[in-house]
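A short worksheet on the structure shown next.
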Amino acid sequence: MRRCPPRQICQKSMTPPPSSEILARQIDKSATDIVITKNTVTQKQSSQNCGCSNTSSAASSLDQRTLDRIAKHPCYSEEAHHHYARMHVAVAPACNIQCNYCNRKYDCANESRPGVVSELLTPEEAAHKVLVIAGKIPQMTVLGIAGPGDPLANPERTFRTFELIADKAPDIKLCLSTNGLMLPDYVDRIKQLNIDHVTITINMVDPEIGTQIYPWVHYQRRRYKGLEAARILHERQMEGLQALKEADILCKVNSVMIPGINDQHLVEVDQVIREKGAFLHNIMPLISAPEHGTYFGLTGQRGPTPKELKQLQDQCADSNMKMMRHCRQCRADAVGLLGEDRSQEFTKDKFMNMSPQYDLELRQEVHAGIEKFKAEIKLVKAKANSGKGNGDSSKQDSPKILVAVATKGGGIVNQHFGHAKEFQIFEVDANEAKFVGHRKVDQYCQSGYGEDATLEYVTKAISDCKAILVSKVGECPKAELREAGLEVVEAYDVIEKVAREFYDQYVSKL
Ligand code: CLF
Ligand code: SF4
């Protein structure tokens, strides 16, 4: 264990002033607990984009109506995920299929990290929780139902919850995630309830491959196994996807990347779902450990490395610009920005004793502040990326590097190294700095102490990066990081700006 000398402890007060006049402003409303960061840079506003990876290309293919539909959805827009939060309510316990990466003691692994158990709620308890959180975290804009089983295997509980929330909190977007087996039967009801975002987990479009992922499905009061099971699931998923498209509901497809089983096949999945009108593809890594008790965990099936995952995402992004890379494989009771987990602040014993303070006017005011801030950040990003390599053929083949960023959100380098529980990864070249993923780590700083083993683990997790961008870091970890070959950049500014500045220095030394 390492203790930083007092002057080196990563304390908030040591954060340097922002280099581009970025100020922190606490919204002066007692009902809220959020901090809106205000950027005072005043330049011309750049055009909007969808915020997914490869933003500029994706933006050009999206119309204004679609941009408006995703602008406040942290999963459907990479840009929004820096600013807006989502919450899930765990109202759906049952499931109608078996996935080999799932242990039914835990949350549905189609959208959750395995090994997580959420508290089951009734629709009424769930609605109460949503209203409490809508008051406490006004930047929470999306309510998702993603488990702990399959929402459409529990249709009454799921739709009752949505009805209650639509009635009491009309500005909250409704979102649903399903394995797709029962989806064709419910698209009309989904449309009626104005649920505008639906995720289907599709891991194969070839039932032969499906037999290695799904041992059985339960459909129309019968249990099917083997090829028949996989074929039924595949046909229902395709039917559901088609129906969503016809109903004009935005559909995201999640795929779990399972090396040796469907990793190569997911390129075909990407092509098929795109042709059938999916809006966004989210390829997630299989997480399997023996202690999760899943079939894959117990049989030693490994998940992909970050490099393998990125390669596949890049390969699919070549043909489909709308590739999600910022998924955090949330809990079925997740609360907060995607990179943070505030679910423990709102356990049942706590939120049932809190009074709902849903205030539509206040929420709209907060959202307007966020939109203003987003526009200002966009100007800084555009400036950082302008005149570097755009249109210059000599820069087309500029080296690409990865940098790791410590951020609490807002698109700013604003977190101390020792407080980070994840690092966002940006790929930088002469043209742009773009978000390409994240790496979860253990928090290094524990009340002023840092474990050597944790530092080693963190360093390993970002060893393919050239630099780490943080608001502050103690001298001891800084020296260790440098020794491991990582440049340490301390700054408090827009991520793309800091990354681009580092890049220019980096290439000038090559
Ligand atoms: Fe939840 Fe899913 Fe809706 Fe988002 S999560 S139901 S679309 S509101 Fe988002 Fe979480 Fe990834 Fe899901 S980061 S696991 S993609
Ligand atoms: Fe588990 Fe979800 Fe698959 Fe059902 S759909 S078996 S809950 S991962």
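Which of the strands (runs of 3 or more DSSP E) contained wholly in the stretch 145-233 include at least 2 residues that are modelled with pLDDT of 95 or more and out of contact with any Cys (no Cβ under 8 Å at 6 or more places or on another chain)? I'd like the intermediate steps shown before the answer.
Details: elements: 173-178, 197-201, 216-219, 222-225.
In the stretch 145-233, the matching strands (runs of 3 or more DSSP E) lie at 173-178, 216-219, 222-225.
With respect to the conditions (1) under 24 Å from the mean Cα position of the chain (by Cα); (2) modelled with pLDDT under 90, A461 falls short on a single one, namely (2).
Scanning the stretch 168-177 for any residue that is within 12 Å of ligand 1 (Cβ to nearest atom) and free of Cβ contacts under 8 Å to residues at least 40 places away in the same chain turns up at least one such residue.
Is it true that S77 is within 10 Å of ligand 1 (Cβ to nearest atom), under 14 Å from the mean Cα position of the chain (by Cα) and either part of a loop (DSSP other than H, G, I, E, B) or not small (G, A, S) (or both)? So S77 does not fit the description; no. Screening the candidates E125, E163 for the property of being within 16 Å of N194 (Cα to Cα) and either away from ligand 1 (no atom under 13 Å from the Cβ) or more than 24 Å from the chain's Cα centre (by Cα) (or both) yields one hit, E163. For the stretch 196-208, the candidate set comprises residues that are touching a helix residue (DSSP H, G or I) at 6+ places or on another chain (Cβ under 8 Å) and β-branched (V, I, T); within that set, the residue that is farthest from Q237 (Cα to Cα) is V198. Here Y186 fulfils each of the conditions (1) under 23 Å from A109 (Cβ atoms); (2) within 16 Å of ligand 1 (Cβ to nearest atom); (3) within 23 Å of the chain's Cα centre (by Cα) apart from (3).
Beta carbons closer than 6 Å, at least 6 apart along the sequence or on distinct chains, pair a first residue in the stretch 180-199 that is among the aliphatic types (A, V, I, L, M) with a second that is more than 16 Å from ligand 2 (Cβ to nearest atom) and part of a loop (DSSP other than H, G, I, E, B) for V187/A247; V198/I249. Determine whether S77 is modelled with pLDDT of 65 or more, within 16 Å of K252 (Cα to Cα) and either surrounded by fewer than 22 Cβ atoms within 10 Å (Cβ to Cβ) or away from ligand 2 (no atom under 16 Å from the Cβ) (or both). So S77 passes the test.
The values are calculated or read from the model by the stated rules, or taken from the named source; none is laboratory data. Just so it is clear, the model here is predicted, and its values are computed rather than measured. All Cβ positions, even for glycine, are placed from backbone atoms using ideal geometry, and neighbour counts span all protein chains on display.
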